[in-house]
1. Which of the residues that make up segment 339-380 are within 50 Å of the chain's Cα centre (by Cα), in a strand (DSSP E or B) and exposed (fewer than 14 other Cβ atoms within 10 Å of the Cβ)?
2. Which residues, taken from segment 253-281, are more than 30 Å from Gly311 (Cα to Cα) and either of a type in the set (A, V, I, L, M, F, W, C) or more than 41 Å from the chain's Cα centre (by Cα) (or both)?
3. Do we find a residue being modelled with pLDDT of 85 or more, in contact with a strand residue (DSSP E or B) (Cβ under 7 Å, 6 or more places away or on another chain), surrounded by 14 or more Cβ atoms within 10 Å (Cβ to Cβ) and part of a loop (DSSP other than H, G, I, E, B) anywhere in segment 325-338?
4. Among the candidates Ser458, Ser450, Ser468, single out the residue that is over 17 Å from Ile380 (Cβ atoms) and more than 37 Å from the chain's Cα centre (by Cα).
5. Would you point out the residue of segment 432-469, among those that are closer than 18 Å to Glu361 by Cα and hydrophobic (A, V, I, L, M, F, W, C), that is surrounded by the most Cβ atoms within 10 Å (Cβ to Cβ)?
6. Under 9 Å by Cβ, and 6 or more places apart or on different chains, what pairs join a residue from segment 448-464 that is without any contact (Cβ under 8 Å) to a residue 12 or more places away in the chain and in the same structural domain as Ser223 (by TED's automatic domain parsing) with one that is hydroxyl-bearing (Ser, Thr, Tyr) and not in a strand (DSSP E or B)?
7. If you scan segment 201-247, which residues turn out to be surrounded by 18 or more Cβ atoms within 10 Å (Cβ to Cβ), at pLDDT 95 or above and among the aromatic types (Phe, Trp, Tyr)?
8. If you check Ile321, Ile306, which single one turns out to be assigned to a strand (DSSP E or B) and under 30 Å from Tyr270 (Cβ atoms)?
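The values are calculated or read from the model by the stated rules, or taken from the named source; none is laboratory data. Keep in mind the model is a prediction, meaning the values are calculated, not measured. Quick reminder, even Gly has a Cβ in these numbers, built from the backbone with ideal geometry, and neighbours come from all protein chains shown.
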Amino acid sequence: MVENFNQIDGVFRSKLGDYTESAPEGVWENIEGALNARKSAKRITFLRMAAAIAAFAVVGSSYLYLTKNNQENSKEQAVAEVNKKENILNNKAKDGLTYNEVEIASVEHLTADNNEQKILNANSEVSKDKPQNLFSEILIADNVQDKNQGNREGIEKVEQKEISLRFKKVEAVLIDPREEKINAVLNSMPDLYNSLAINNDLEALEKENTKWSVGGDFSPLYSYRYIAETGGTYTKDYYNNSENAIMSYTGGLNIQYKAIDRLTIQAGVYYTTMGQSIDYMAVYSNAAYNMVAEEYKDRFINSYNISNSTGEIAFNSPYVIVDEKLGRVDNLTDSKGVADVSDPIYSNLDAEIQQNFQYVEVPFLLRYKIIDKNIDLNLIGGFGANFLIGNDVYLRYGSNKEIIGETTGVNSINYNGTFGLGIEYPLFDRLNLKIEPSIKYYINEINSSSSVESHPYSIGIYTGFNYSF
C-alpha cells in the first residue's frame, strides 16, 4: 500500500508537472494595492514617532526651565532669609552675647492648593569668638536643599491637578458719545469738596483779619413802663387799667470791634422815642374860640394838670378836658366858670392824650457769638445812657396830631440795661444782614419828683446791616 501511494505521487508529478493555470482577472491589481497600503502604513508610523519625540522634547525642556527658575528663586529667598538672620546675629555678637540656638521659622512655600507650609529650623552654636561665615554657608546649603525638595513635591502635585479652562463671555457695550462729553466736562470741573474747604479756610482767615465793622439798624418799639411802687392816692392797678402802651421807634449807627475770638464790643448813637397813652379822657373842642377876635381868645384858654404814672402833665389849651373815670384832671382856670359840655358849642373829638419822650441813646454792648456758622447767633448784653432831648404831650384825634404840653419833672439822663439775641447772615463779601430781638429796661425811675416809681421799657426787633473791614 505504501508503494502504491508513492507511485501515485509519481504519476501525479509526471502528469501534472508542466501544467499551468492562468490567474483570475484582478488578482495582480489587488496584490499591488496591498503592497502600496503597507508602504503608507509604514510612513504614518514614522510620522507619529517623530511627533512623539518632538512633544517629549518640548515637555522636557519646559520642565527643566521651570525647575531651574524655582531653584534659583528658592536659593535667592533662602540667601535673603539667612542674610537677615546673620545681620541679627552679628549685631548681637557685637554686644558680647553668646547664643546656643538660632531658630528660623515661618518660611512658607506656596503650593497648588495654597495650604502647605513648611517651617525650617536650624540649630547652631554661635560664639562671639567663632566666625559667622561658616554658619552662613551651612544654613544656605541646608535651606537650598530643603527648598529644592519642596519644589519637586510642589511640581508633582501640580502635575496631578486637573487643568480646566473657563471662558467668560464678553458682551459688546455701546458707548454713547454724549456720555463721554459729559464725563469730560465733569472731569474738567474743579473738585467741589476741595473748593469748599479752601473757601472755608479763606472765610476763617478773613474773619480773623476783620476786626472792625460799622453798621446801622432800625426797629419799631413796643413802649410802656413798669411801676415798682406808688406813694400817692392811686394804686398800681389803677394806673395799669387807665394807661396803655404805645408804638414808638428807634434807629441809629454802631461800630463794633472784635476783641477776642467770639467776643465783640459795640458802641453807637441812636435816636429813641418812648412813652404811653392815657385813657378815659374826654376832649371837647370850643367853637367859640374860633369865632371871637384874637384879643379875646385867651378867655377861652384853660390851664390843666393831669396826673399819671410818669409825672404831671401841664398844658394850656382851648380844649375842654374831662376825666371820665376819676379826678386825675385839675383845671387851674375854674374861676372862668365850669364848661357845660352839653352845650352844642362843644363837640367831642374822640381824642387820645399821649406822652412822648425823645432820647439820644449811647449804648455800650458786648456780643458773644454762641454759633459761628454761615448764620451766626450772638448773645447780646450791656447798658446805655439816654439823654432827654424831647418831652411832648400829644393830642391825637382822627388824622391830627397836636402838641398840647409836656410832662414835668422828667430826668434828663436815664440809664438802661439791654439784653437780646443777634442773628447775622452774610449777604455779600463783608456785608451782613442783622436781625436782633432785644429788650431795654430803664434802671433808674424816669421821674424822681413823682410819687410813683415808674421804669420805662421797650421791646423791639432791630434790623440792619454791618460792613466789616
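1. Scanning segment 339-380 gives Phe364, Ile370, Ile371.
2. Leu253, Ile255, Ala259, Ile260, Leu263, Ile265, Ala267
3. Yes, that holds for at least one residue.
4. Just one listed residue meets the conditions, Ser450.
5. Out of the qualifying residues, it is Ile446.
6. If the second residue must be hydroxyl-bearing (Ser, Thr, Tyr) and not in a strand (DSSP E or B), no pairs are left.
7. Scanning segment 201-247 gives a single hit, Tyr224.
8. Within the list Ile321, Ile306, the selection yields Ile306.
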